[in-house]
Amino acid sequence: MWRRVFQLQDKRSPHFDVYAVTGDGELQEGPIWESIMYAGYKRVDNLCVLVDNNHGQLDIVSTLHFPYHSLGESFKSFGWKVLEADATKYHTVCKALHEFKYGERDGRPTAIICKTTKGHGGLSDYMNTHKATIPNDILDQEDKMQLLQRAAREKEFFQFFNQLAVEEFAEIRNMILKHAASMNFKIEKEKVVNVEIPVKTKKAPVRDKKNKICPCTIT
């Protein structure tokens, strides 16, 4: 994974950013830290790595073989800029990505430590694992409970949204309606409806997979 990342580090022209995703379980392996050290040394500040910091791994989902004293400080020690985000919420991750994309660059690559919990959002402990075969009765139970949660969220939303049905809040109400439409949602009376749209697909063009990166740019 990382070899390809550093083949893409050429920042001269045209400029582009490179994103990679890893996890704290994977970061227990040594070769990745060689790449992290290299990126910091080469000042690859167009590189952003998102770390799924869920304190588990493939075979033992509830703990790590080598727990970190401070994952962020480990990245900083190799010359990285570190941001942290509660990855159970969309807006905190978006804010961190926005800071990397549009913030000032100082030569340091960026690591976004995404604080997560395995199985978050699921209501059954079957979700807190890897590669599980979930029985149909558990899937049915999960589906029903998720629908109940959605209904409760919709009810809470409409308690707020219906308060905007006065002229002084018309701009806010229209903004919400416009944003919902951009995600293919239609807000009706006491109900949010998914709008089905035609799928536009076409055959992907033939790709030239030959590596055109000059080795001299990654030494």
Residue list for the stretch 97-110, filter: touching a Phe, Trp or Tyr at 6+ places or on another chain (Cβ under 9 Å) and closer than 12 Å to residue 44 by Cβ: 108, 109, 110
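Can you confirm whether residue 86 is surrounded by fewer than 16 Cβ atoms within 10 Å (Cβ to Cβ) and modelled with pLDDT of 90 or more?
Values: surrounded by fewer than 16 Cβ atoms within 10 Å (Cβ to Cβ): yes; modelled with pLDDT of 90 or more: yes.
It is true that residue 86 is surrounded by fewer than 16 Cβ atoms within 10 Å (Cβ to Cβ) and modelled with pLDDT of 90 or more.
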Residue pairs meeting the criteria (Cβ under 6 Å; at least 6 apart or on separate chains; first within 18 Å of residue 70 (Cβ to Cβ), in the stretch 21-37; second charged (D, E, K, R) and surrounded by 15 or more Cβ atoms within 10 Å (Cβ to Cβ)): 23/52
Residue within the stretch 189-201 that is part of a helix (DSSP H, G or I) and either in contact with a strand residue (DSSP E or B) (Cβ under 8 Å, 6 or more places away or on another chain) or without any contact (Cβ under 8 Å) to a residue 12 or more places away in the chain (or both) present: no
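The values are calculated or read from the model by the stated rules, or taken from the named source; none is laboratory data. Here the structure is a predicted model, which is why all the values come from computation and not from measurement. Positions of Cβ are generated from backbone atoms using ideal geometry, with glycine treated the same way; all protein chains shown enter the neighbour counts.
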